[in-house]
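Input: a single structure, listed below in structure tokens.
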Amino acid sequence: MPVTDKVPVHLLVNGEAYEVMVPPYKTLLEVLREDLGLTGTKHGCELGECSMCGVLVDGKPYLSCLAMPLDLQQAEISTVEGLANGNEPHPLQRAFAELGAAQCGYCTPAMLLTAKSLLDSNPRPSREAIRQALAGVLCRCTGYLKIFEAVELAAARSSTSPPAAHV
Amino acid sequence: MDPILVLRLPRLRYVQARTVEEAAAIVGSDGGRAMLIAGGTDLLPNLKRRQFDVATLVSLRGIPGWDAITGDPQAGMSLSAGATLDQVARHPAVLSGYRALAQAAGLVSTPQIRYMGTLGGNLMVDPRCNYYNQTFAWRKAVGFCLKKDGDICLVARSSPRCWAVSSSDTAPVAVAFAASVVLQGMAGTRRVRAAELYRDDGIDYTTRKRDEVITSVEFPAARTTTSAYWKLRRRGSFDFPIVGAAVVIWWEDGVVRDARGALSAVGSHPVDISSYLSSLRGVHPDERLIAELAAAADKPARPLDNTDLSHYWRKRMTRVFIERALRDAAGLDPQAGLLTAQLKS
Amino acid sequence: MSDELSIVGQSLVKPDAMGKVSGQTKFADDLMLPRMLFGRLLRSPYPHARIRRIDTSKATAIPGVLAVLTGEDLPVKFGILPVSQDEEALAREKVRYVGDPVAAVAATDEWIADEAIDRIEVEFEELPRYMSLEEALADGGGEPIHGRTNVHKAVALEFGDTEEAISGAAHQREDIVFFEGNTHLPMEQHAAVAQYGQDGRLTLWSSTQTPHYVHRALGKVLEMPMSRIRVIATPNGGGFGGKSDIFAHELVAAKLALVTGRPVKITLTREEVFYAHRGRHPVLMKVRTGFTKEGVITGMQFQSFLDGGGYGSYGVASTYYTGALQTTTYAIPRYRFEGARLFTNKPPCGPKRGHGTPQPRFALEVHLDKVAEELGIDPVNLRLRNLPEPDSRTVNWLRITSCGLRACIEKVAAESRFLEQRRAMPAGRGLGFAVSSYLSGAGTAIYWNEMPHSEVQLKVDRGGGVALLCGAIDIGQGSDHILAAIAAEVLGVSLDDIQLTTADTDLTPIDLGSYSSRVTFMAGNAARAAAEKVRAILFEAAAEALQCDPDDLQARDRRVFRRARPEDGMTFAQAVVAAEAKRGVVAASGSYTPPRIAGPYKGSGVGPSPAYSYSAAVVEVDCDARTGEVRVPQVWIAHDIGRAINPMLVVGQVEGSVYMALGEALMEEQTFRLGLHKFPSMLEYKSPTALEAPVIHTYLVETIDPEGPFGAKEAGQGPLLPVIPAVANAVYNAIGVRIDEIPITPDRVLKALAEKAKGRLPRVGPRRVPAFAFPALIQVERPPEWTQS
Ligand SMILES: Cc1cc2nc3c(=O)[nH]c(=O)nc-3n(C[C@H](O)[C@H](O)[C@H](O)COP(=O)(O)OP(=O)(O)OC[C@H]3O[C@@H](n4cnc5c(N)ncnc54)[C@H](O)[C@@H]3O)c2cc1C
Ligand code: SF4
Ligand code: FES
Ligand code: FES
């Protein structure tokens, strides 16, 4: 492979600026895992069919397997590695651990980020809103219930308002 | 190079267009080996499976104003091609005046894909077929088909044409609303009715010229309009439609002035069923009339055995979904209709 | 201070939880080693073909390609079962399914590896293919897939004269049903990384549920002493049985590392995971049973036909499993089982959650539902009249110890108000009921030996830390927690004092693997034994210091103290120091060997388990008679867990099982067209999403098994079993049609409704089983308890 097909890419990931030389046809997933060493972002299909590769781009859930790094140079990218505040786990991380919402843990990074995006815009979501928001991330282990409960627990702990009755 | 199983993108050039003109110029001059990319959610999986031979991708994401939504139902709305499906689904003016559009956009795949995918990309989704949306290795094993690298259609072996399925959720809504699509190419800008954007062919599915970029979709004023989109699929998310029914009713003095409809996933283009709805004009439809019309309106639907579930069932479900959409648009309980997909006994 | 348990029984945070929620857990594909190469496999495009010629020269010539392998480089055959050594890492003479690996490359990046794969030229000669049971059995079909016939295994056993028992019974019924194949779909694709050092040692990291078996196979296939091979199982991103075989990519990655001297990684794509498969067998079944007019079973005959795919894999065991557990769920006085597994040109089937038992469970529970109606007995009562007794032996010699089936049945029936509600459901809604049992670990190992099935080593350090080493691998089921909780309970320390090292063949003693629901029971018992030995050492030293009898001591809350006078004691760390001063390293090991309980017949090794779990479920369905669509709003399930070591994790296993069962019941299927998998993708293989998730009411029934660790039994597989037939029974309750075929898709429902409207039998399903000459029945003498009846 000609080395010359690499291009410089600037990315802001978890608040940290990175500059890497990568071929322009590498996806964000590949760059995060292989070039930045951020292997917390997983993959299950690489075709948009599972959302294991979920990250946040400007706070919104994105599929890193279908995102092109060159287009994201102005964006803020968040991965699971950036969820905790130093050594202090994010309330969602704590709730997932406490309620057994991570069984094998493989869908967990994407679930957490997707849930974070939800709570950032809707701090006390109803069960239905949680289901809708998480409908794009498959989990093969849990049957989803413990995940819903963990999101509710995290929401309850970080907010004083009661859960919404509707979406 | 014919890759086998790996799901890496092919080696290609990635150009970020700053203007529509620039994008049009590149795709128009690259000998057919350049493609536009917006959200990439349709294109990139297809490219990873090597469904196209592409040397250059031209990204539209950096074009200023690319995701603007303007206007209102009173005057009509203009949605930039780069508006994301999520934006479309949540936009208050779209929700109030063009409910079917918001529904269709909101029913596409997953929240993730709706944040990334655009309206323009959605209108241009490459028609699908479960002999075609497969990796290179799979297609090689089964024997390539007409649509890529082969010379027969595996679904209809004696057919000279490709029956890949138009699978966009928003396309039938645009057709039903008689929206206009604005295209800008090297030679200038033109405007076509949504229905005219499509050709009934699984390969050559669009009248868009190679150098043309869809810049916006214009929805006509919708002051007295109700509309609905009903989508059939196996799961509540991820899945493409295996039948989609879009219906728009224009009301006047409590009766129907005009009604239009279009179907997705039952042909290689959005199938216009408006002619089957003409007897709604001038009446306030009751559920018997709706059922009668819906039962006839599935006629042009031609599902084949190239999507999820059996095509017989999909065919029989088509009228049920047309009925649901009509009832929904007419203010009746959508699921309490008179039609069934049951086999005739 | 009481003797109450302080950790066992608590819903504590499991030790691997924080790693998982932080993204720090390293799965196999997350390993990136310096100078690592990417390996890829060339797979067969033909379902059945002879390999005429392979030319790798063009691939080898590409810059960046460091090795190319073909079958000749790995000629030794292997297979997970000693009786089925029929696989090759790379096929040499023949390929047997689309996806069968043929050649492999290692290159500096994936693009180059891919290009190299494409440049390998293989000349195939296509052979006639066998894509179904019927085709596999058809005469004159040409060359069989293996050997001289496509029949891989056929068994016929009889325990007592069933013909007499059935034909003489007041009521008889026969049913024929089909269960389509499906797959595990773990979210993590299989991956393996191999490294070979100049010191002549090979290390393989792999997302495997069975590192020990992979270790053995590597030794065999690479013809290398096992002592120079180290296998480390990485945490599995889901397994469900799909990672419990030996896979070509593991052997190939190792060989590529040997050849190149550089680390090599092979990660399967999702499509390749569908080809690796080893999932649920498609099974066609016939069940015939006799009943007294009170509904008591007099005898049963069960036939199963398994569509095995291209290789043996676990198939011999799967075949027996389709006939083994009928008798642990119901007291069946006479029983006949005939089973046949056929080779077909599809990816090999193997064990998926419930291994070989969900299919017969579906057959049996639907069959009983029909019988209940015919006899005018309600479905709950019919089951209650046929329950197995605790501490009994089944007619096929399986030993039942604890049995909470009655309690499970009563619990779900009461909570769902099944008997009242099933007559009072609104149109389209219905309730269905079914029960099941499952093993807490297979009583026999995959290869015959007299060694333990699980071993644990424990070492305590001066700071009070406890190092626990065990071969078990956590695949999400919570095995790390079980090990830590049991050790912490026995030693009276906290969970965070336990430092786990698992699934590393260099460091950890054996655990046979995370399959067969065996880890809690077996590794748990081994951990308990090891911890009790260490505790005895500590008590001995502490007793000396406290001048009391070691028997008077208790360990709890990180202290060792006199039970009668808790203030009289020392810290755990002080006890360690005292013991170490007295006798050096404080360490011990524990192991577990299941009791030998196999019956006096060939095939009796499949089915025995030291204990059986029991479950009962009620499923509510909502059927749309206009469209045939079926949804499940609610499930009630009770599970006899023996004892819940961590109730939260048990409930998690139950919920996950219910979820997986619903996918199988309603939408998941592995189907083939034109000789290959119809849709090897996550989009078209329908795994239910958060929007399909029903409300699940889970009830744990504790029976405190006499041999389980603290009384525990299994939870990972059993709760899946009753849910599938309960869905089918609920559909019948809702709209009066019988879908005797899994999955229950809308078109099948509509077809049955049409039959109903025509006044015909409202049913969709198979009508016959193939004419097949089973071997002569082996008549097995029944255990003494049964010979009177
Ligand atoms: C798992 C999965 C499920 C999906 N489910 C659905 C579904 O349920 N319903 C549905 O409708 N779609 C579905 N999609 C397809 C796709 O995600 C959406 O249609 C999306 O809206 C496409 O938009 P995009 O911006 O990502 O398009 P891209 O992938 O960027 O482009 C798609 C095509 O449109 C062309 N194009 C894009 N923008 C323009 C433009 N402005 N002018 C001219 N041509 C343009 C591209 O060249 C390309 O040919 C699914 C995709 C996946 C991976
Ligand atoms: S419809 Fe026929 S030609 Fe078109 S993609 Fe499918 S198989 Fe190929
Ligand atoms: S890896 Fe499956 S959606 Fe990205
Ligand atoms: S926890 Fe295993 S996939 Fe979700």
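Would you kindly identify the helices (runs of 4 or more DSSP H) lying entirely within segment B:65-119 that contain at least 1 residues that are within 13 Å of ligand 1 (Cβ to nearest atom) and among the aromatic types (Phe, Trp, Tyr)?
Details: elements: B:85-90, B:92-97, B:99-106, B:111-116.
Ranges flagged: B:111-116.
Assigned by TED's automatic domain parsing to the domain that holds A:GLU19, at pLDDT 95 or above and within 16 Å of ligand 4 (Cβ to nearest atom): which single residue out of A:MET52, A:MET111 fits that description? Write out each step before concluding.
Values: A:MET111 fails: assigned by TED's automatic domain parsing to the domain that holds A:GLU19.
Criteria check complete, one pass: A:MET52.
Name the residues in segment B:10-53 that are touching a helix residue (DSSP H, G or I) at 6+ places or on another chain (Cβ under 9 Å), over 15 Å from A:LEU70 (Cα atoms) and part of a helix (DSSP H, G or I), would you?
B:LEU43, B:PRO45, B:LYS48
Using the structure shown, decide if B:LEU57 is more than 16 Å from ligand 2 (Cβ to nearest atom), more than 14 Å from chain A (Cβ to nearest Cβ), open to solvent by less than 20 Å² (accessible area, probe 1.4 Å) and in a strand (DSSP E or B). Steps first, answer last, please.
Values: more than 16 Å from ligand 2 (Cβ to nearest atom): yes; more than 14 Å from chain A (Cβ to nearest Cβ): no; open to solvent by less than 20 Å² (accessible area, probe 1.4 Å): yes; in a strand (DSSP E or B): yes.
Against the criterion (more than 16 Å from ligand 2 (Cβ to nearest atom), more than 14 Å from chain A (Cβ to nearest Cβ), open to solvent by less than 20 Å² (accessible area, probe 1.4 Å) and in a strand (DSSP E or B)), B:LEU57 does not qualify.
Six or more apart or on different chains, Cβ atoms under 6 Å: show the pairs whose first residue is in segment C:634-663 and at positive phi and whose second is at pLDDT 95 or above and outside any loop (DSSP other than H, G, I, E, B).
From residues that are at positive phi, the pairs are C:GLY642/C:GLY711.
Within segment C:322-338, which residues are open to solvent by 10 Å² or more (accessible area, probe 1.4 Å) and either under 18 Å from the mean Cα position of the chain (by Cα) or among the acidic types (Asp, Glu) (or both)? Show your work before the answer.
Of segment C:322-338, the ones open to solvent by 10 Å² or more (accessible area, probe 1.4 Å) are C:331, C:333-334, C:336, C:338.
Scanning segment C:322-338 gives a single hit, C:GLU338.
Output the qualifying pairs, or none if there are none: Cβ atoms under 8 angstrom, residues six or more apart or on different chains, first residue in segment C:506-531 and not assigned by TED's automatic domain parsing to the domain that holds C:ALA488, second residue of a type outside the set (Lys, Arg) and at pLDDT 95 or above.
none
Let's see how each residue does on (1) away from ligand 3 (no atom under 16 Å from the Cβ); (2) in a loop (DSSP other than H, G, I, E, B); (3) open to solvent by 20 Å² or more (accessible area, probe 1.4 Å):
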{"position": "B:TYR132", "(1), (2), (3)": "yes, yes, no"}
{"position": "B:ARG139", "(1), (2), (3)": "yes, no, no"}
{"position": "B:LEU154", "(1), (2), (3)": "yes, yes, no"}
{"position": "B:LEU183", "(1), (2), (3)": "yes, no, no"}
{"position": "B:ASP204", "(1), (2), (3)": "yes, yes, yes"}
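Need pairs with beta-carbon distance below 8 Å; first residue more than 7 Å from chain C (Cβ to nearest Cβ) and assigned to a loop (DSSP other than H, G, I, E, B) and within segment A:96-107, second open to solvent by 10 Å² or more (accessible area, probe 1.4 Å) and away from ligand 2 (no atom under 16 Å from the Cβ); sequence gap 6+ or separate chains.
Here the result reads A:ALA101/A:LYS146; A:ALA101/A:GLU149, each pair linking segment A:96-107 to a residue that is open to solvent by 10 Å² or more (accessible area, probe 1.4 Å) and away from ligand 2 (no atom under 16 Å from the Cβ).
Restricting to segment B:149-192, and then to whatever is of a type in the set (S, T, N, Q) and farther than 26 Å from B:VAL217 by Cβ, can you tell me which residue is nearest to ligand 1 (Cβ to nearest atom)?
As a first pass, look at segment B:149-192 and keep what is of a type in the set (S, T, N, Q): B:158-159, B:166-168, B:170, B:180, B:184, B:189.
This time we only want the ones that are farther than 26 Å from B:VAL217 by Cβ, so: B:158-159.
Details: B:SER158: 29, B:SER159: 24 Å.
My answer is B:SER159.
Condition check ((1) touching a Pro at 6+ places or on another chain (Cβ under 6 Å); (2) more than 22 Å from B:LEU309 (Cα to Cα)) across all residues:
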| position | (1), (2) |
| --- | --- |
| B:SER180 | no, yes |
| B:TYR205 | yes, yes |
| B:THR215 | no, yes |
| B:PRO220 | no, yes |
| B:GLY236 | no, no |
| B:ILE242 | no, no |
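Please verify whether B:LEU123 is open to solvent by less than 20 Å² (accessible area, probe 1.4 Å), within 14 Å of ligand 1 (Cβ to nearest atom) and at negative phi, treating the condition exactly as stated. Steps first, answer last, please.
Details: open to solvent by less than 20 Å² (accessible area, probe 1.4 Å): yes; within 14 Å of ligand 1 (Cβ to nearest atom): yes; at negative phi: yes.
The answer is yes for B:LEU123.
Condition first: hydrophobic (A, V, I, L, M, F, W, C) and part of a strand (DSSP E or B). Can you find one or more residues in segment C:79-94 that meet it?
Pass one, segment C:79-94, residues hydrophobic (A, V, I, L, M, F, W, C): C:80-81, C:83, C:89-91.
Now drop any that are not part of a strand (DSSP E or B), which leaves none.
No, segment C:79-94 contains no residue that is hydrophobic (A, V, I, L, M, F, W, C) and part of a strand (DSSP E or B).
Can you tell me which residue in segment B:239-275 is farthest from B:TYR198 (Cα to Cα), limited to those that are among the charged types (D, E, K, R) and away from chain C (no Cβ under 14 Å)? Before you say what the answer is, go through the steps one by one.
To start, the set of residues in segment B:239-275 that are among the charged types (D, E, K, R) comprises B:239, B:252-253, B:257-258, B:260, B:272.
From what is left, the residues that are away from chain C (no Cβ under 14 Å) are B:252-253, B:257-258, B:260, B:272.
Details: B:GLU252: 30, B:ASP253: 34, B:ARG257: 26, B:ASP258: 23, B:ARG260: 17, B:ASP272: 11 Å.
Filtering segment B:239-275 for residues that are among the charged types (D, E, K, R) and away from chain C (no Cβ under 14 Å), the one farthest from B:TYR198 (Cα to Cα) comes out as B:ASP253.
When you go through A:GLU81, A:GLU128 one by one, which is the residue that is in contact (Cβ under 8 Å) with a residue 40 or more places away in the chain and acidic (Asp, Glu)? Don't jump to the end; show me each part of the working.
Working: A:GLU128 fails: in contact (Cβ under 8 Å) with a residue 40 or more places away in the chain.
Criteria check complete, one pass: A:GLU81.
Of all residues in segment C:752-763 being surrounded by fewer than 22 Cβ atoms within 10 Å (Cβ to Cβ) and either of a type in the set (Gly, Ala, Ser) or in contact (Cβ under 8 Å) with a residue 24 or more places away in the chain (or both), which is farthest from the other protein chains (Cβ to nearest Cβ)? Before you say what the answer is, go through the steps one by one.
Filtering segment C:752-763 for residues surrounded by fewer than 22 Cβ atoms within 10 Å (Cβ to Cβ) gives C:754-763.
Narrowing further to those that are either of a type in the set (Gly, Ala, Ser) or in contact (Cβ under 8 Å) with a residue 24 or more places away in the chain (or both): C:754, C:757, C:759, C:762-763.
On the way: C:ALA754: 4, C:ALA757: 4, C:GLY759: 9, C:PRO762: 11, C:ARG763: 14 Å.
Looking at the filtered set, the residue picked out is C:ARG763.
Tell me which residues, restricted to segment C:750-772, are farther than 30 Å from C:THR292 by Cβ, more than 30 Å from the chain's Cα centre (by Cα) and not charged (D, E, K, R). Please lay out each step first, then the result.
Within segment C:750-772, the subset farther than 30 Å from C:THR292 by Cβ is C:750-760, C:764, C:770-772.
Cutting the leftovers down to more than 30 Å from the chain's Cα centre (by Cα) gives us C:750-760, C:771.
Residues satisfying the conditions are C:LEU750, C:ALA752, C:LEU753, C:ALA754, C:ALA757, C:GLY759, C:ALA771.
If you take the residues in segment C:10-35 that are surrounded by 18 or more Cβ atoms within 10 Å (Cβ to Cβ) and more than 10 Å from chain A (Cβ to nearest Cβ), which one is farthest from the chain's Cα centre (by Cα)?
C:PRO15
Please identify the pairs in which a residue from segment B:156-176 that is more than 14 Å from chain C (Cβ to nearest Cβ) has its Cβ atom under 7 Å from the Cβ atom of a residue that is within 13 Å of ligand 1 (Cβ to nearest atom) and basic (Lys, Arg), counting only partners at least 6 apart or on another chain.
B:ALA164/B:ARG128; B:ASP169/B:LYS231
How many of the residues in segment B:280-333 are within 18 Å of the chain's Cα centre (by Cα) and within 11 Å of chain C (Cβ to nearest Cβ)?
5
Give C:GLY350, C:GLY299, C:GLY312 a once-over and let me know the one that is open to solvent by less than 10 Å² (accessible area, probe 1.4 Å) and over 30 Å from C:ASP245 (Cα atoms).
On the way: C:GLY350 fails: over 30 Å from C:ASP245 (Cα atoms); C:GLY312 fails: over 30 Å from C:ASP245 (Cα atoms).
C:GLY299 is the lone residue from the list that is open to solvent by less than 10 Å² (accessible area, probe 1.4 Å) and over 30 Å from C:ASP245 (Cα atoms).
For A:ALA84, are the conditions met, namely being open to solvent by 10 Å² or more (accessible area, probe 1.4 Å), under 25 Å from A:LEU36 (Cα atoms) and of a type outside the set (Asp, Glu)?
Working: open to solvent by 10 Å² or more (accessible area, probe 1.4 Å): yes; under 25 Å from A:LEU36 (Cα atoms): yes; of a type outside the set (Asp, Glu): yes.
Taking the combined requirement at face value, the residue satisfies it.
The values are calculated or read from the model by the stated rules, or taken from the named source; none is laboratory data. On a predicted model such as this, the values are computed, not experimentally measured, just so you know. With ideal geometry, Cβ positions are generated from the backbone for all residues, glycine too; neighbour counts draw on all protein chains shown. We work out accessible area using only protein heavy atoms, side chains counted, and drop any ligands, DNA or RNA first. Shrake-Rupley method; radii C 1.70, N 1.55, O 1.52, S 1.80 Å.
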